[in-house]
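See below for the structure under consideration.
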Amino acid sequence: LEGEIDMEQNNRAKEQETAEALNIQTNRPNRLYGRMMLDNLGGRNSEMSAVSLYLYNSMVAYQHKEVAGVFRQIAVQEMQHMQAFGHIALQMGENPRLWSAGSRGEMVYWSPGYNKYARETHKLISMAIKSEKAAIEKYSRQLNQIQDDGIYIALQQIILDEQSHVEILTKLYRKYSV
């Protein structure tokens, strides 16, 4: 119990550090932008999908410690992206749950069924690359729609992170796709 309390306090401290590091200041609440951020947080092609898939991948790729380690490291960075998108959604007046607006405007919760699961290492990596590229395309489209400097800057940084993931994963793919 004492260890759990220490861990909880440590997690709260890390959350505060993350929020301060984000330091995202938006112009004013905007429901459309908030819904975009919710989709980035918990939609079909979202950071939650990425985190859950990278954790799965790290377990399935256990026989390749390098690959499993890379998946774990990227999962942590994707969690930071989740924190950023949740923070922005909150500033936009939205509730940062793991949900997004459905086709009729209803809120739909995130589902692990959104992910495609593989077992072979080269497929795990190639699917991760495709997912990262899809996120880059999505966030780039949002850059063209959003007129808020704080969100724009956050999206630009996250796109750079995702591009870095593509580079890292592409190197791994070349090494393990033999």
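The values are calculated or read from the model by the stated rules, or taken from the named source; none is laboratory data. Worth saying up front: this structure is predicted, and the values here are computed from it rather than measured. Cβ coordinates were reconstructed from backbone atoms using ideal geometry, including for glycine residues, and neighbour counts include every protein chain displayed. Just the protein is used for accessible areas: all its heavy atoms, side chains included, with ligands, DNA and RNA removed. Shrake-Rupley method; radii C 1.70, N 1.55, O 1.52, S 1.80 Å.
Of the conditions (1) open to solvent by 70 Å² or more (accessible area, probe 1.4 Å); (2) in a loop (DSSP other than H, G, I, E, B); (3) in contact (Cβ under 8 Å) with a residue 60 or more places away in the chain; (4) closer than 29 Å to ASN23 by Cα, ARG97 satisfies every one except a single condition; which number is it? Going through the list (1) open to solvent by 70 Å² or more (accessible area, probe 1.4 Å); (2) in a loop (DSSP other than H, G, I, E, B); (3) in contact (Cβ under 8 Å) with a residue 60 or more places away in the chain; (4) closer than 29 Å to ASN23 by Cα, ARG97 breaks only (3).
Note on the stretch 109-122: residues that are loosely packed, with under 15 Cβ neighbours inside 10 Å, part of a loop (DSSP other than H, G, I, E, B) and not acidic (Asp, Glu) amount to 4. In the stretch 123-174, the qualifying residues are those that are of a type in the set (S, T, N, Q) and closer than 21 Å to GLY34 by Cα, and the one that is least open to solvent (accessible area, probe 1.4 Å) is GLN142. Being surrounded by 14 or more Cβ atoms within 10 Å (Cβ to Cβ), more than 30 Å from LYS123 (Cα to Cα) and modelled with pLDDT of 95 or more, is that true of even one residue in the stretch 35-46? Looking through the stretch 35-46, at least one residue is surrounded by 14 or more Cβ atoms within 10 Å (Cβ to Cβ), more than 30 Å from LYS123 (Cα to Cα) and modelled with pLDDT of 95 or more. Search the stretch 117-172 for residues being over 13 Å from the mean Cα position of the chain (by Cα) and of a type in the set (Gly, Ala, Ser), and hand back the single one that is farthest from PRO29 (Cα to Cα). The selected residue is ALA118. Tell me, please, whether a residue that is in a helix (DSSP H, G or I) and either free of Cβ contacts under 8 Å to residues at least 12 places away in the same chain or within 14 Å of HIS165 (Cβ to Cβ) (or both) can be found in the stretch 35-48. Yes, there is a match, as at least one residue in the stretch 35-48 is in a helix (DSSP H, G or I) and either free of Cβ contacts under 8 Å to residues at least 12 places away in the same chain or within 14 Å of HIS165 (Cβ to Cβ) (or both). You will find that of HIS81, HIS87, the residue that is in a helix (DSSP H, G or I), in contact with an Asp or Glu (Cβ under 6 Å, 6 or more places away or on another chain), surrounded by 15 or more Cβ atoms within 10 Å (Cβ to Cβ) and not small (Gly, Ala, Ser) is HIS81 and no other. For beta carbons closer than 6 Å, sequence separation of 6+ or different chains, a first residue in the stretch 116-141 that is closer than 20 Å to GLN73 by Cβ and a second that is modelled with pLDDT under 95 and in a helix (DSSP H, G or I), the qualifying pairs are THR121/TYR176; HIS122/TYR176.
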